[in-house]
1. Give the stretch 101-129 a look and list any residue that's of a type in the set (Phe, Trp, Tyr) and within 20 Å of the chain's Cα centre (by Cα), or say none.
2. With the requirement that a residue be within 18 Å of the chain's Cα centre (by Cα) and hydroxyl-bearing (Ser, Thr, Tyr), what does the stretch 53-98 give you?
3. Would you mind finding the one in ILE359, ILE355, ILE375 that is in contact (Cβ under 8 Å) with a residue 12 or more places away in the chain, farther than 16 Å from ILE284 by Cβ and outside the structural domain of VAL478 (by TED's automatic domain parsing)?
4. May I ask you to list the residues in the stretch 247-284 that are closer than 19 Å to PHE331 by Cα, among the hydrophobic types (A, V, I, L, M, F, W, C) and surrounded by 14 or more Cβ atoms within 10 Å (Cβ to Cβ)?
5. Just to be sure before I move on: is TRP118 within 14 Å of GLN330 (Cα to Cα) and touching a residue at least 40 places away in the same chain (Cβ under 8 Å) in the structure I sent?
6. For the stretch 208-220, name all the residues that are buried (at least 17 other Cβ atoms within 10 Å of the Cβ) and within 13 Å of ILE186 (Cβ to Cβ).
7. Can you name the condition, by its number, that PHE431 falls short on among (1) of a type in the set (Phe, Trp, Tyr); (2) closer than 30 Å to ASP82 by Cβ; (3) at pLDDT 95 or above?
8. Among the numbered criteria (1) more than 18 Å from the chain's Cα centre (by Cα); (2) surrounded by fewer than 23 Cβ atoms within 10 Å (Cβ to Cβ); (3) of a type outside the set (Asp, Glu); (4) within 30 Å of MET9 (Cβ to Cβ), which one does ILE191 miss?
Amino acid sequence: MRLKHINVMLVLLAAAYFIVGIRLAGDYGLGWDEPVSRLNGIITYRFVTEGDQALIGFRDRFYGPAFEVVMYVFEKTTGTADPYAIFALRHTATFILFFISVICMYLLAAGIFGGWGWGVAGALLLVLHPRIFAESFYNSKDIAFLASWIIAVFFGYRYYIKSTVCRAVCFGLAAAFATDIRVVGIFLHSIGIAVGMRIFTRKKRGAIGSFIVYVTISLAFTLLWWPALWNSPFFRFIEAVRFMTTFDAYEKDVLYLGAFLSPKDVPWHYLPVWIGITTPVSIILFWMVGAWRLIAEKRNFWKIFFITWPAGVIVLAVLFRPALYDGWRQFYFIYPAMVMTALFGLQWLLRFPRIIRVIVVAIMVVNIGVAALFIVRNHPHQYVYFNELVGGVRGAEARFDLDYWGVSYRRGLEHIATIDQRQDINVFFAFGIGAHADVLKKQYRRFIPVDHLDEADYILSNFRWQKQKPPFPKIYEVKVDGVPIMGVYTNLLK
């Protein structure tokens, strides 16, 4: 196939994914953290434009606000005021950022492995992780950081290959943006350090200026895009690091291996188990092969970077035991490195005789095909994907948290609105927030969230923290692979 035809095919493939993503953005419900994430952007924006001091005492001020402010600016610029439209816009913006990262993932993999086919493989493995596919629309914290991390690594790779001023500026800006979403983005500067060492050890005088530019840009924009640091940058940044590494504000139990545990008391294997049972098995297998080969073979900086990126994070989490909850969403940013390492493993396996190559490709295609089928069949609830190691969603039921953010409540509320025509309908969320009822389309927006069970006309539950289903007549449920993840019940107490 000619290069021209390949490029046309790739552009069409990317365009199709973009169009489908924009179309699907409005299908997802509200995530638990979305209202407070938006509030972070609003408070930060008002601090900058109006001098509003609410930011100083805001509990979540050390959650990097960069992307949240961008989304709020879009919201104001477009004049979006309707609650449903606001969150539809946010979901679209989150997807667009992720889409950009997919393009960068393609370019990064194609550059490192030396071919467009490897780039496509890397991009597909990123997109076709069912949980990441779903959350790429509504998770403006963890997916935004994953996406910004990929973008920064791509520009860091380009800067590493050729240390020009332009590439230094791009990497500095990308690394600053990622850091201003999650403070752990500071580790991206390991790439900058590697570039600096190359420049100074090889005495590349012309590139020294680019390194100075990179350091200046990254420091300046990390501060500029994070207003909570302004009054004392160094000490506020240290405080932000301490806040994120010792975060213990979440005190609710998590369901792990069938037991309810405090996030502070989960066993050391919580994180690796969650990664292992919610990632397509072929990626886990090829990642293990790739990690083994990278350790055994002669290594360069990028091989070391891709193997230590996920392994180092997991080891640190096991050693320091931070409060862990909601699966591994806070650690999604290690997944792109798992993909790159898996590609190293796949590349090595494809050196074997033809029969081995056919088996290897078949394993990858079938397993990723199964994940893609799950995405299509269970739209828009792909976020409860579990792989074959745990027996799928059915094997995870009552052993692990499923729809822990209550995203499926939207479907339950819309069902109630279609069967109950009253203008005021009282609903009680067994676990959830009142905002679920506020961000529906206008024709469904007739709900009044109540805090007391005896005031509710209907009860909605995503079964979190519940050892048994609510003892009321069930009128509707959302199922994924036959497993209920949300139920609607009529209230017999009223």
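1. If we filter the stretch 101-129 for residues that are of a type in the set (Phe, Trp, Tyr), which is where we start, we get 106, 113, 116, 118.
Residue satisfying the conditions is TYR106 alone.
2. TYR63, THR92, THR94, listed by residue number.
3. Going through ILE359, ILE355, ILE375 in turn, the sole match is ILE375.
4. PHE247, VAL254, LEU255, VAL266, LEU271, VAL273, TRP274, ILE275, ILE277, VAL281, ILE283, ILE284
5. On the way: within 14 Å of GLN330 (Cα to Cα): no; touching a residue at least 40 places away in the same chain (Cβ under 8 Å): yes.
No: the conditions fail for TRP118.
6. Of everything in the stretch 208-220, just one residue is buried (at least 17 other Cβ atoms within 10 Å of the Cβ) and within 13 Å of ILE186 (Cβ to Cβ), namely SER218.
7. Every condition holds for PHE431 apart from (3).
8. Of everything listed in (1) more than 18 Å from the chain's Cα centre (by Cα); (2) surrounded by fewer than 23 Cβ atoms within 10 Å (Cβ to Cβ); (3) of a type outside the set (Asp, Glu); (4) within 30 Å of MET9 (Cβ to Cβ), ILE191 misses just condition (4).
The values are calculated or read from the model by the stated rules, or taken from the named source; none is laboratory data. Keep in mind the model is a prediction, meaning the values are calculated, not measured. Positions of Cβ are generated from backbone atoms using ideal geometry, with glycine treated the same way; all protein chains shown enter the neighbour counts.
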